[in-house]
1. Across region 25-57, what is the number of residues that are touching an Asp or Glu at 6+ places or on another chain (Cβ under 8 Å) and either loosely packed, with under 10 Cβ neighbours inside 10 Å or not polar (S, T, N, Q) (or both)?
2. Taking Pro72 as the residue in question, decide whether it is farther than 30 Å from Pro92 by Cα and not hydrophobic (A, V, I, L, M, F, W, C).
3. Inside region 49-77, can you point out the residues that are modelled with pLDDT of 80 or more and either over 18 Å from the mean Cα position of the chain (by Cα) or of a type in the set (D, E, K, R) (or both)?
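The values are calculated or read from the model by the stated rules, or taken from the named source; none is laboratory data. Keep in mind that this is a model prediction, so the values were computed, not measured. Every residue, glycine among them, receives a Cβ derived from its backbone with ideal geometry; neighbour counts consider all protein chains shown.
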Amino acid sequence: MKSSDLLIILRHYCRTLREVLYGFTTYEMDVSLRKERGTLNHYFTLIIFGDLLGLPLLPPYYTLRLLPHIFPELKAWKRSMLRERDLMDQVPDV
């Protein structure tokens, strides 16, 4: 066995060990923080661009000033806010 093959195997085991430790320690926190970040992002966009859905909350001047920052996510946000929701969407995964 060459030293390069041994080095590849060692890197593979180190990566596997790192992924297992990540799963044991911080994976659940990471998932919950990502969900919370997405929820807060939706709320922020709703406050800023609520007039697109019929909820005028801010004057148009401030909305237009923030438009370049939100524009890349605007289409996906509108689609997610206007999609039909089911009662089972609120039930946690079992």
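1. Number satisfying all stated conditions: 1.
2. Spelling it out, it is not the case that Pro72 is farther than 30 Å from Pro92 by Cα and not hydrophobic (A, V, I, L, M, F, W, C).
3. Arg65, Pro68, Glu73, Lys75
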